[in-house]
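The structure appears right after this line, and notes come after that.
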Amino acid sequence: MCLFVGVNSLFATSTDHVKAKELFENSKQKLSLKNVCLNLDLEILDKKGNTKSKSLSVAFGEFNQQKKVMIEITAPEEVKGTRILTTNYLDKKGIIEIYMPASGKIQKFRANNRNLKLMGSEIPITQFSSVVESDYLFSMLGNDEVNGTDCYKIKVEKPEEKEYAIAYISIKEEYLLRVEKYNSKDQLQSLTALSDYIKVSNSNGKYYPKSIHVSNLESGRSSNMKVRSLEYVQKMNIKNFQITSNES
C-alpha cells in the first residue's frame, strides 16, 4: 500500500511540474518578443524618491536560433545614442554588448544573472531578456488574485539554487501579470508587475503589456515603463542588431 502511495505521489508531482511549466511557457509565448519594435518611456526612482527619466526604443529579433534584443536610449540628450545589445543562445551563455557615445567604446559581458541585476539598476534589461533556462523546475502553488484577477500561482526554481521566483498567470487569458523573486531565506527581493496587455497588430495573436513596474526591495529602487507605440515587423534585418567599432 505504501508503494502505491509513493508512486501516486511521484506521478502527481510529475504532472504538477508539466502543468506548471506548460502554463508558464504559454504565458511567454503570448508575449511578443520577436519581430517587434517598441518605443517607451522609463522612469527610475531611487530610495530617496529622486527620479530619472529616459526614452528607449527596443527591438526584438531572432536569427538562426539566436535571440537578440537591441535597446537604444533616445533621450535625454546626454545619453542619447547609448545602445545595449543582448544575444541569447540555445547552447551557451548569452552576451551583453554596450556602446556609449561619450567614450566611443564597446563593452562586452556574459549575460549571467549578476550582470543582468547590475544593469537592471538603471535599465530593467531583465524584462526584455530570457533568463529562464530549460533545467528550471516548475510547481503549482494553487490560485491567487492579482488586482482582482484570478491567477495561477507557479513556483520557478533551479535545482541547485535556493533562490526562486513565483509567477502569477491569469487563468482566463494566461497573461503573465506578476513575478516575485525571493532569496534563500524566503525574503521578497524584487517584484515585477505587468498590466494593460494589448494585442500586437498582424502578429498572429501576440500581446505586450503597456505598463511594467519593477521594484527592488534590496536597493529601494523602482522603475516604471510605459509603452508609447509598438510595431510588428514581418522580417527583421540582422544589421539592426549589431554594434560595431566603426560607431565609435
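The values are calculated or read from the model by the stated rules, or taken from the named source; none is laboratory data. Please read these numbers as outputs of a predicted model, since none were measured by experiment. Ideal geometry is used to build each Cβ from the backbone, glycine not excepted, and the neighbour counts take in all protein chains shown.
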**Prompt:** Can you tell me which residues in segment 180-201 are surrounded by 11 or more Cβ atoms within 10 Å (Cβ to Cβ) and part of a loop (DSSP other than H, G, I, E, B)?
**Reply:** Asn183, Val200
**Item:** Tally of residues being within 23 Å of Leu191 (Cβ to Cβ), in contact with a Lys or Arg (Cβ under 9 Å, 6 or more places away or on another chain) and at pLDDT 85 or above across segment 69-121
**Value:** 2
**Request:** Check off (1) in a loop (DSSP other than H, G, I, E, B); (2) out of contact with any Gly (no Cβ under 9 Å at 6 or more places or on another chain); (3) touching a residue at least 60 places away in the same chain (Cβ under 8 Å) for Leu40 and give me the number that stays unchecked.
**Result:** (1)
**Request:** Enumerate the pairs (first residue in segment 59-84 and within 12 Å of Gln242 (Cα to Cα); second residue anywhere and acidic (Asp, Glu) and assigned to a strand (DSSP E or B)) with beta-carbon separation below 6 Å, excluding pairs fewer than 6 apart on the same chain, so at least 6 apart or on different chains.
**Result:** Arg83/Glu72
